[in-house]
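Notes follow the structure.
The values are calculated or read from the model by the stated rules, or taken from the named source; none is laboratory data. Everything numeric in this text was worked out from a predicted model, so none of it was measured. Cβ: placed from backbone, ideal geometry, glycine included. Neighbour counts: every protein chain shown.
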Amino acid sequence: MKNYLEQKMVQESRRDFLKKSGLGLGSLALSSMMGGKAFANAITPNLGNGGGILGTGHFPAKAKRVIYLFQSGGPSQLETFDYKPALDKWHGQEIPDSIRGTQRNSGMVANQSTFPLVRSMYDFKQHGQSGAWVSELFPHTGKIVDDLCIVKSVYTDAINHEPAVMLFQTGSMISGRPSIGSWLSYGLGSDNENLPNFVVMTSHGGGGQPLNSLSWGSGFLPSHHQGVQFRSGEEPVLFLNNPHGVHREDRKRALDHIKEMNHHQFDVWGDPEINSKINQYEMAFRMQASVPETVDISNEPDHIYEMYGEDVKKPGSYARNCLLARKLAEKDVKFIQLYHTGWDQHLHLPRGIRNQAKDTDQASAALIKDLKQRGMLEDTLVIWGGEFGRTSFSQGKLTKDDYGRDHHPGCFTMWMAGAGVKPGMVYGETDDFSYNVVKDPVHVHDFQATMMHLLGIDHERLTHKYQGRRFRLTDVHGKVIKDILS
């Protein structure tokens, strides 16, 4: 024990000497050149909520913020935006082995002996000047197609839900990597010091796959970059309110003392997570005032309620979350992630997707219109899409008015709108069966690279060294889809 204490004292003395000589003397010259505040930021960067490691990015950004409408479960492209009239003549016939053999299928159809092709039971119509085909299930989206860039040629590497969601949200099928919002928070920081850089809201469309909170986790980045979940109800952020009998002034004094102790611990140990704790405590204190104001929709005019639909008054609904997303965008929150579950229709797809469309169509379109009328669509990127598509053959028994569709990673549809994206554009093509991409393929990492490009980030240069390797959101590949950029 004595030897340990003597060794510890030597280490502490060495640390004090280096700190006092290296930082103490060097700071006199450096501080005069950089200025006091700049010098403090150089020594302990990213302590506050605002500054990202890139500052203003690698080049001028088209988008200031992102609203990502993630449709969890895998919406069928065949019942939404990928119109395939050729399936009318193939309906009920076996999918050719030469087609089915080009893609792997999930284990849920391993025991299926027949694979009949099935056309959508819903009609499609062309809309707008672009002439984009949209299912009758999405009449509100059909009215805004000239504001959208519909990408029909997205494909992924994953065939099961969680790895597929993780790939889209973190760039890897393996859980634990930083999510998109965390990378943006780390790189760009925030334009609002009173709200988190990265906010998450969820809504449920009648069951479906559970969501893993690692989808909005910070991985190996400092923990204050993780997404903050806003919930429905009286307490949008858990444990944000003061306990009964504790006044705001008392909480502030307590936080000041905790901050002082944490700074001391950082001086001793140098653990960056201590700075993250300081950041999170201070952010929580500021959010006590900013969050209630932000989630209050009582002052919205009647025409806004009518635009988003009757569900907007239901806390926790997709429509309510879309309206809150607009309010958060007005507050310059950098990344706003909405998840809506329930798109996993292996059986009874016609009924299930009709309900999902009813929950989401009007509110998604209203968000685009609302941003546009406020002049915010010019610098807000809105994204809609799930983790994969669905098969063109029926899973389970095909009947006159019922069928299902299995997971399909080979091709599916997403849309983007707003900052820097060409409006009224349909990009990419699939074959007559909507089974394979035949023109302009877009991999998950291509989509991520393009999104980051719109935010002024070179996806190959925003990296973080961890366990001896430099990681990035797009892993080791991905390219910007320049044809869809305005």
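What to note about this one:
- Failed condition for Ser392, given (1) of a type outside the set (Val, Ile, Thr); (2) closer than 25 Å to Ala419 by Cα; (3) in contact with a helix residue (DSSP H, G or I) (Cβ under 7 Å, 6 or more places away or on another chain): (2)
- Put simply, of Val476, Val426 the only residue that is farther than 20 Å from Leu188 by Cβ, in a loop (DSSP other than H, G, I, E, B) and either in the same structural domain as Leu69 (by TED's automatic domain parsing) or more than 18 Å from the chain's Cα centre (by Cα) (or both) is Val476.
- Reported count of residues in segment 225-240, each being over 19 Å from Tyr318 (Cβ atoms) and out of contact with any Phe, Trp or Tyr (no Cβ under 7 Å at 6 or more places or on another chain), is 5.
- Among residues of segment 271-311, those that are under 26 Å from Lys372 (Cβ atoms), touching a residue at least 12 places away in the same chain (Cβ under 8 Å) and in a helix (DSSP H, G or I), counted: 7
- Scanning segment 351-361 for residues that are in contact with a helix residue (DSSP H, G or I) (Cβ under 8 Å, 6 or more places away or on another chain) and surrounded by fewer than 24 Cβ atoms within 10 Å (Cβ to Cβ) yields Asp359, Asp361.
- Scanning segment 351-389 for residues that are over 15 Å from Gly205 (Cβ atoms) and touching a Pro at 6+ places or on another chain (Cβ under 6 Å) yields one hit, Phe388.
- Filter pass, Gly389 being over 25 Å from Leu69 (Cβ atoms) and in contact (Cβ under 8 Å) with a residue 40 or more places away in the chain: no
- The single condition among (1) surrounded by fewer than 24 Cβ atoms within 10 Å (Cβ to Cβ); (2) of a type outside the set (Lys, Arg); (3) touching a Phe, Trp or Tyr at 6+ places or on another chain (Cβ under 8 Å); (4) in a loop (DSSP other than H, G, I, E, B) that Gly74 does not meet is (1).
- Filtered by the rule that a residue be of a type outside the set (D, E, K, R) and not in a loop (DSSP other than H, G, I, E, B), segment 221-255 gives Ser223, His224, His225, Val228, Gln229, Ala254, Leu255.
- Answer from Gly207, Gly176 - the residue that is modelled with pLDDT under 95, over 30 Å from Gln280 (Cβ atoms) and not acidic (Asp, Glu): Gly207
- Residues (over 12 Å from Leu371 (Cα atoms) and crowded, with 19+ Cβ neighbours inside 10 Å) located in segment 312-323: Val312, Ser317, Tyr318, Ala319, Arg320, Asn321
- Being buried (at least 21 other Cβ atoms within 10 Å of the Cβ) and closer than 26 Å to Ile368 by Cα is a property that does not hold for Gly233.
To keep it simple, each residue is scored yes or no on (1) at pLDDT 95 or above; (2) touching a His at 6+ places or on another chain (Cβ under 6 Å); (3) of a type in the set (S, T, N, Q).
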| position | (1), (2), (3) |
| --- | --- |
| Ala61 | yes, no, no |
| Leu69 | yes, no, no |
| Gly73 | yes, no, no |
| Gln77 | yes, no, yes |
| Gly92 | yes, no, no |
| Arg104 | no, no, no |
| Met108 | no, no, no |
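- Annotation note: of His264, His204, His224, His244, the sole residue that is in the same structural domain as Met451 (by TED's automatic domain parsing) and buried (at least 21 other Cβ atoms within 10 Å of the Cβ) is His224.
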